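Nothing in this text is a laboratory measurement; each read-out follows from the coordinates by a stated rule. Model, not experiment: these values are computed from the prediction. All Cβ positions, glycine included, derive from the backbone under ideal geometry; neighbour counts span all protein chains shown.
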Amino acid sequence: MTTAAEPAPVVEARGLHRFFRRGGDEVAAVRDVSFVVGHGELIAVRGPSGSGKSTLLALLAGVDRPDAGEVRLDGEVINFRDAPDPATARRRTIGVLTQAGGLIEHLSVRDNLRVAARARRSTDDVDALLDLVGLGHRATAVPSQLSGGETARAGLAVALIGSPRLLLADEPTAEVSATEEQSLLELLTNVRPSDGATIVVTHSDAVAGAAQRILDLSAGRLVA
């Protein structure tokens, strides 16, 4: 009797290494990092400044290439830098939330979502998505008119356009108050990809505490 093959994890990092030249020295930003993220899982990568979190995030997003090792998304190696249109290839499968929200300053929140929808060839209802993140009443505001919490919510909406398989968040609560942080964490938990993966890079214990699993990063290595 045969059984169906077990599906590949959403994300699999295998032996990642990334080195940079600084003067005449070679600096290891990420060293032999391996982990998997299952379907529907939310994990936090925690570590102090300089621990390699941002470099690891860039590798997971496919905007940087490891010097050794590989990243797989649904079993397929991410190699977006060699794609004919790397930005479009990445946007279809990966949503990224940054501290600044990744918003275009002269466009309204609604138009920022429309631009993202066109780039990802998505037919998502942008107004429904704004309502989902609690920004329906701020649809016509430009980024400079938003509070820190509103900017994070707008950035989350942009990251969710097209229902990405992988949601990456880089210090998503760095610019918000403690009250806003809790509200944003609850929102992120509720709207993240239900069958995909969510990886949050943070130095915040509160953010890490909202994850199902924590990976601690120190000097480019995962530590127990």
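Summing Lys, Arg as +1 and Asp, Glu as -1, what charge do residues with Cβ under 12 Å from the Cβ of E180 carry, E180 excluded?
-3
Contour minus end-to-end for S34 and D195, with contour as 0.36 nm per residue of separation and end-to-end as the Cα-Cα distance?
55.8 nm
Would you calculate the separation in nanometres between label points at A119 and S177, each defined as 7 Å from the Cα along the Cα-to-beta-carbon direction?
Placing both labels 7 Å beyond Cα along the Cβ direction yields 3.1 nm.
Order these by the 10 Å Cβ neighbour count, fewest first: L185, L97, L56.
Ranked by crowding around the Cβ, least crowded first: L185, L97, L56.
Rounded, prolate or oblate: pick one for region 128-224, where a ≥ b ≥ c are the square roots of the eigenvalues of its C-alpha gyration tensor, a/c under 1.5 means rounded, and failing that, prolate if a/b is larger than b/c, else oblate.
Prolate is the answer for region 128-224, as a/c is 1.5 or above and a/b outweighs b/c.
From Cα pairs below 8 angstrom and at least 6 apart in sequence, can you work out the relative contact order of the chain, rounded to a whole percent?
30
Counting pairs of alpha carbon atoms under 8 Å apart in space and at least six apart in sequence, what relative contact order in percent does region 3-69 give?
About 37 percent, as a whole number.
With the cut-off at 1.5 for a/c, could you classify region 66-201 from its C-alpha gyration tensor as rounded, prolate or oblate?
prolate
Work out how much length A141 to D111 would gain on full extension: take 0.36 nm times their residue separation and subtract the Cα-Cα distance, in nm to one decimal.
Stretched out fully, the A141 to D111 stretch lengthens by 9.8 nm.
Measure nothing but the geometry: give the 0 to 90° angle between the long axis through the Cα atoms of 109-119 and the longest principal axis through the Cα atoms of the chain, rounded to 10°.
50
What's the magnitude of the charge dipole for region 18-59 around its Cα centre, counting Lys and Arg as +1 and Asp and Glu as -1 at the beta-carbon? Answer in Debye, nearest 20.
Roughly 140 debye, rounded to the nearest 20.
What is the log10 of I(q)/I(0) for region 3-70, computed with the Debye formula using one identical point scatterer on each Cα and no solvent, at q = 0.13, 0.15, 0.25 Å⁻¹?
-0.43, -0.54, -1.21
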